Amino acid sequence: MRIKIISTAVIAAALFACNSTQPVETNPNEKIIAQADSFLSEYNQKYQELYYQSAEAAWTLNTHIVEGDTITAKLAEQADSMYAAFTGSESNIKACQYFLAEKEALSPLQVKQLETILYNAGSNPAIAGDLVQQRIKAETKQTELLFGFETLLNGKPVSGNEIDGILANSNNLKDRQQAWEASKEVGKNLKDGLNNLQQLRNQTVQALGYEDYFDYQVSAYGMTKQELMDVCKDMVAEMWPLYRELHTWARYTLAQKYKQEVPEMLPAHWLPNRWGQEWSGLIEIEGADLDKTLEPKGAEWIMQQGEEFYKSLGFDALPPSFYEKSSLYPAPKDADYKKNSHASAWHLDLDKDVRSLMSVEPNTRWWGTVLHELGHIYYYMEYSNPEVPMVLREGANRAYHEAMGSLIGLAAMQKPFLVDRGLMSADVETDATQALMAEALDFVVLIPWGAGVMTEFEHDLYAKNLPKDQYNQKWWELKKKYQGIVPPTERGEEYCDAASKTHINNDAAQYYDYSMSNILLFQFHEHIATKILKQDPHATNYYGNKEVGAFLKKLMHPGATVDWRTHLKDNLGEDMSAKAMLNYFAPLMDHLKKVNEGRTHTLPESI
């Protein structure tokens with residue numbers, strides 16, 4: 001199906017100007033500025049329309065998965081194809097290239113839009129022909145296989161939440177291993193599809209001059225592959241001494257819990273998370289058992305309180321359509337459909353239609369997740385303003401988006417906030433060191449996972465064309481190197497354990513975003529605590545502080561119209577740095593060194 005791209009008059013004006021031999025007019029800058037404005041105006045209008053159609057189809061595909069339903073998948077493919085045809089059209093690419101050749105005459109906002117349009121074209125270039133259509137079909141199929149898969153435990157269907165519950169609560173190592181292994185079975189079905197996507201993603205972006213898909217994704221940060229890999233290695237190296245102490249503590253703590261010998265490396269099924277990406281379930285903070293407090297309040301109460309938190313900072317109420325159209329709670333047990341089990345926030349029309357896909361239950365994990373996802377939603381709402389063109393309605397960078405949600409998740413677990421919200425008694429004596437430990441088992445533990453395992457695996461997958469028969473071997477090499485985690489039994493190449501992680505399939509080559517976001521969130525938090533609230537960063541209460549809200553809005557409002565490095569420097573007075581995060585966890589480092597004295601460290605001193 002052919003679609004209108006951009007007014008032929010606008011395109012013709014741009015392309016004619018490339019070859020025109022007519023005399024230069026009196027005000028050539030005015031002419032090129034006007035042409036660029038006309039092009040961008042039409043582009044943004046059509047971009048929003050097709051983005052919305054594609055997002056609606058993807059929403060249906062992720063929220064109502066029915067085995068054998070080819071109609072929904074076909075509609076998603078068609079919408080994606082139309083979006084791809086537009087963003088990757090040769091005419092649009094040539095027009096952008098023409099205007100950017102005259103960038104000195106254009107405004108910074110025009111240049112930013114044109115560069116973003118070219119970036120968006122990178123994954124869907126029309127000159128790649130059928131490859132784009134093949135990639136779209138392959139991605140749709142991979143999503144269906146991933147979220148339509150029926151995970152079985154002891155012959156019975158089991159949900160992701162139920163597996164998480166076993167890994168969070170069971171002390172029976174046999175049950176834990178069975179649950180963990182069941183969660184990985186889906187990888188077998190996804191391995192061929194991942195191999196196909198590996199080739200198709202590389203080939204489509206190579207058509208527009210990128211070296212590979214990893215190179216393409218990294219370019220959104222204004223970095224080369226090597227610069228990004230260096231940043232990731234620096235993040236891991238800076239946090240490594242603390243992670244090493246946490247790893248040693250976890251080995252000894254879990255061996256005692258399960259009445260086993262202390263292992264050299266952490267068995268994957270000993271940990272409370274399917275991928276070992278966060279270990280916060282390893283400890284309970286005395287007096288701060290939120291599960292018992294939240295369970296009787298219900299999932300709807302958690303959603304309501306999440307919104308109230310943002311409103312207290314000066315943000316608007318969520319639009320009624322958010323609750324009408326979102327998929328916030330688990331599918332009923334007797335439902336004839338499945339849904340994507342990974343929490344996410346959606347900006348369907350790049351304007352007012354914001355939604356979230358979650359499976360909220362009244363517990364501590366979902367309390368933090370709700371506040372995180374609403375951070376994305378409010379970021380969407382804040383940069384959906386007349387000053388930000390449709391094509392730039394994104395975060396200053398992708399990590400900024402993650403940082404906003406995670407920042408609120410951190411703040412919402414600190415005692416002064418919990419007391420203020422009636423979730424904890426002021427008289428309760430909490431162990432500050434244990435609270436800090438719980439945070440480190442989340443935020444610190446994610447760094448070697450995100451900046452190490454996930455980033456290096458996807459780098460090798462795309463930049464080094466990692467062979468299909470080495471996927472699982474490479475995965476577990478990296479898990480051991482960066483996390484000190486090993487599988488409970490031998491995992492051969494019939495498995496594809498990497499593909500059990502949703503991001504490998506449908507948010508490819510971007511996971512370093514999460515590690516960078518953790519670094520940024522502690523910079524934001526330190527600024528808020530010390531410069532605005534004048535409070536100890538370990539004991540803050542953002543609730544009701546409009547100055548905090550104003551600071552967050554200042555970070556959010558311009559979307560992607562700004563250079564993220566400049567934006568960070570302008571608002572914080574510093575570049576991205578792990579210093580704030582190291583400052584925050586310094587007391588814990590001192591504590592762990594004492595606790596681990598005399599214990600054997602099995603990770604190297606440096607990485």
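Only the coordinates and a few stated rules stand behind these numbers; no lab work does. What you are looking at is a predicted structure, and each value in this text was computed from that prediction instead of being measured. Here the Cβ positions follow ideal geometry from the backbone for every residue, glycine too, while neighbour counts run over all protein chains shown.
A compact table of results
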{"read-out": "Taking the chain and dividing mean pair separation by its residue count, relative contact order in percent (alpha carbons under 8 Å, at least six apart)", "value": "18"}
{"read-out": "Helix-only mean residue ellipticity at 222 nm for the chain, each DSSP H run of n ≥ 4 adding -39500 (n - 2.57), per residue, nearest 500", "value": "-18500 deg cm²/dmol"}
{"read-out": "Cut-off 11 Å between beta-carbons: net charge of the residues surrounding Met265, Lys and Arg +1, Asp and Glu -1", "value": "+3"}
{"read-out": "Spatially proximal lysines relative to Lys103 (Cα-Cα < 28 Å; intrachain offsets below 8 disregarded)", "value": "Lys4, Lys31, Lys46, Lys94, Lys112, Lys225, Lys554, Lys569"}
{"read-out": "Of Lys137/Lys339; Lys311/Lys415; Lys141/Lys325; Lys74/Lys311; Lys174/Lys292; Lys184/Lys468, pairs whose Cα-Cα distance is over 29 Å", "value": "Lys74/Lys311"}
{"read-out": "Packing-based exposure ordering (other Cβ within 10 Å, fewest first) of Glu456, Glu115, Glu308", "value": "Glu308, Glu115, Glu456"}
{"read-out": "Cα centroid separation - the stretch 310-364 against the stretch 153-215, whole Å", "value": "23"}
{"read-out": "Summed residue charge, Cβ within 10 Å of Gly484's Cβ, Lys/Arg positive, Asp/Glu negative", "value": "+4"}
{"read-out": "Nearest-ten-degree value, helix 28-63 long axis tilted from longest Cα axis of the chain", "value": "40"}
{"read-out": "Neighbourhood net charge (11 Å Cβ-Cβ; Lys/Arg +1, Asp/Glu -1) for Tyr119", "value": "-1"}
{"read-out": "Rounded to 5, percent antiparallel among DSSP beta bridges of the chain", "value": "70"}
{"read-out": "Angle in degrees between helix 108-121 and the longest Cα principal axis of the chain, rounded to the nearest 10", "value": "80"}
{"read-out": "Ordering of 369-377, 59-67 by packing [mean C-beta count within 10 Å, highest first]", "value": "369-377, 59-67"}
